[in-house]
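Have a look at the structure that comes next, please.
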Amino acid sequence: MTTVFRRYVPVAPVLLLFLCSLFNVHAQVPGLLSGLWEGSDRLVCFNPAAVETSSGNTYLTVVLKTFYGWYYDRTAEPVSFGTTPRTINDTTARNAEHIPVSFAPAGKFQKLSDSSDSGSWILSLTYHRNKIYYIPVAVIGGNLYLNFKIKRPVSQPQDNTKKADNGMLPAVSDGNHPLTGYWQGFPPRTSLRVSEFTQGDSIVSFYITPDAVYHIRYWRTDMSYDEATAIFSDGAFTGSVPARISCCGSVYTCVTGKSSTIRNVEKSTLPETMVIDSTGTLGAFGIPYLTLVDKQGSESACIGRLTAANKRRKPQPPPPFPPSNLDWHWDTINYLEQNNSLIQAVRERNRKFAEKGK
């Protein structure tokens, strides 16, 4: 009887490498993201050198500003930071979180390059339960945003006379306006978290015209992704947008089933806080979430900033009552108390109690 030995290759690592190459996911930190970033409630560091040799993973560094910003806690950090002892107290956990992070471009339709001062990526974070969570981020001029949209071309139907479900024809948009067109949204995020979070089930994209902004809502679906388009109209304007979006490991749709008509489209004016990058294809909203404070983002820079912050001491609060020049006439009070045995006994107890507290 001949025994045949077969060599089996583990499926999970091979599948992971295949998916990473398929979706252009990299553990290497993009140049525009590299560095130390600071926000109102945390420090975030993307350090190109924070790579574990055995696994090749890049780790996220997050320092939380606790106690209203008076104490900086090393909440999540690379394994290499273990060479610098952590301060253990009632505020901190015994061990810091180790969160691998990888980076993928937010869309193949971006007109961005490494020499530009702007870019957008999908961050894939793996927490302790080995489930991947996605956080879209954008960088414009040294500021990092979580609320942003990317302008992308929309393919019009080959037959320009093709009608939607309501019988209306797609209109030709005014190409003279720099913002005119379709701006794809991404799942909303509130922060770069160090723990699991709810990823959300909807995306809001914009279709911008010179006169209005149309809100196109997409929701998560089990349908497969395709290049179909959908049509919306408010009676005066008709536009065409992608019917489905593939983003953050899921597919989102703006129409039910195989329909090609979007119903109940909201309409508004352009937000005043929209920031456009130099390419005109990336737009962010609101105030920046983080600001770049150190381009190198080394371990020494992060630890040094944390140590300096924790050496601060909060000043004493002002007295509850303002200083007063009131004359209490203590000489008269002492004269009246000197022959009162009860008061003298109380004073003696107070003196002994004060001496014990020294």
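So which residues in the range 240-270 are assigned to a loop (DSSP other than H, G, I, E, B), in contact (Cβ under 8 Å) with a residue 24 or more places away in the chain and within 28 Å of the chain's Cα centre (by Cα), if there are any at all?
Within the range 240-270, CYS248, GLY249, CYS254, VAL265, THR269, LEU270 meet the criteria.
I'm trying to understand the selection: among the residues of the range 93-118, which are at pLDDT 85 or above and buried (at least 16 other Cβ atoms within 10 Å of the Cβ)?
Once the filter is applied, which keeps residues that are at pLDDT 85 or above and buried (at least 16 other Cβ atoms within 10 Å of the Cβ), the range 93-118 yields ALA96, GLU97, HIS98, ILE99, PRO100, VAL101, SER102, PHE103, ALA104, PRO105, ALA106, SER118.
Also, quick follow-up: ASP165 versus (1) modelled with pLDDT under 80; (2) under 20 Å from the mean Cα position of the chain (by Cα): which is the lone unmet condition?
The number of the failed condition is (2).
Search the range 81-97 for residues that are assigned to a loop (DSSP other than H, G, I, E, B) and pair each with any residue that is surrounded by 12 or more Cβ atoms within 10 Å (Cβ to Cβ) and of a type in the set (Gly, Ala, Ser) when their beta-carbon atoms are under 7 Å apart and the residues are at least 6 apart or on different chains.
Every condition considered, the pairs that remain are ARG86/ALA96; ALA96/ALA76.
Being closer than 26 Å to LEU123 by Cβ and buried (at least 16 other Cβ atoms within 10 Å of the Cβ) is the filter; apply it to the range 221-239 and report the residue that is nearest to the chain's Cα centre (by Cα).
THR221
Also, I was wondering about something else. Where the second residue is in a loop (DSSP other than H, G, I, E, B) and aliphatic (A, V, I, L, M) and the first is open to solvent by less than 10 Å² (accessible area, probe 1.4 Å) and lies in the range 180-201, which pairs have Cβ atoms under 7 Å and are six or more apart or on separate chains?
These pairs meet every condition: TYR182/VAL154.
Please go through the range 306-322 and pick out each residue that is modelled with pLDDT of 90 or more and either in contact with a Lys or Arg (Cβ under 8 Å, 6 or more places away or on another chain) or hydrophobic (A, V, I, L, M, F, W, C) (or both).
LEU306, ALA308, ALA309
Consider only pairs whose beta carbons are under 7 Å apart and that are at least six residues apart or on different chains; among these, list those whose first residue lies in the range 139-152 and is hydroxyl-bearing (Ser, Thr, Tyr) and whose second residue is open to solvent by 10 Å² or more (accessible area, probe 1.4 Å).
Cβ pairs passing all conditions: TYR145/PRO288; TYR145/TYR289.
What is the number of the single condition among (1) of a type outside the set (S, T, N, Q); (2) closer than 30 Å to ALA96 by Cβ; (3) surrounded by fewer than 14 Cβ atoms within 10 Å (Cβ to Cβ) that LYS258 does not meet?
(2)
Table: residues versus (1) open to solvent by 100 Å² or more (accessible area, probe 1.4 Å); (2) at pLDDT 90 or above.
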| residue | (1), (2) |
| --- | --- |
| ILE262 | no, yes |
| LEU282 | no, yes |
| PRO288 | no, yes |
| SER324 | no, no |
| ILE333 | no, no |
| LEU336 | yes, no |
| ARG349 | yes, yes |
| ALA354 | no, no |
| LYS358 | yes, no |
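Could you pull out the residue among TYR207, TYR218, TYR214 that is assigned to a strand (DSSP E or B), in contact (Cβ under 8 Å) with a residue 40 or more places away in the chain and among the hydroxyl-bearing types (Ser, Thr, Tyr)?
Numbers: TYR207 fails: in contact (Cβ under 8 Å) with a residue 40 or more places away in the chain; TYR218 fails: in contact (Cβ under 8 Å) with a residue 40 or more places away in the chain.
When all the criteria are applied, what remains is TYR214.
Please determine, by comparing only the residues of the range 55-92 that are open to solvent by 20 Å² or more (accessible area, probe 1.4 Å) and at positive phi, which one is modelled with the lowest pLDDT.
It comes out as GLY56.
Considering only the range 21-53, state which residues are surrounded by 14 or more Cβ atoms within 10 Å (Cβ to Cβ), among the acidic types (Asp, Glu) and modelled with pLDDT of 90 or more.
The answer is GLU38, and nothing else.
Follow-up question, since we're still on this one. Quick test for you: out of PRO136, PRO210, PRO153, PRO170, pick the one residue that is under 28 Å from PRO30 (Cβ atoms) and modelled with pLDDT under 90.
Details: PRO136 fails: modelled with pLDDT under 90; PRO210 fails: under 28 Å from PRO30 (Cβ atoms); PRO170 fails: under 28 Å from PRO30 (Cβ atoms).
Going through PRO136, PRO210, PRO153, PRO170 in turn, the sole match is PRO153.
The values are calculated or read from the model by the stated rules, or taken from the named source; none is laboratory data. It should be emphasised that the depicted structure is a prediction, and the values quoted were computed from it without experimental measurement. FYI the Cβ positions are ideal-geometry reconstructions off the backbone, even for glycines, and counts take in every protein chain you see. Ligands, DNA and RNA are excluded from the accessible area calculation, which covers all protein heavy atoms including side chains. Shrake-Rupley method; radii C 1.70, N 1.55, O 1.52, S 1.80 Å.
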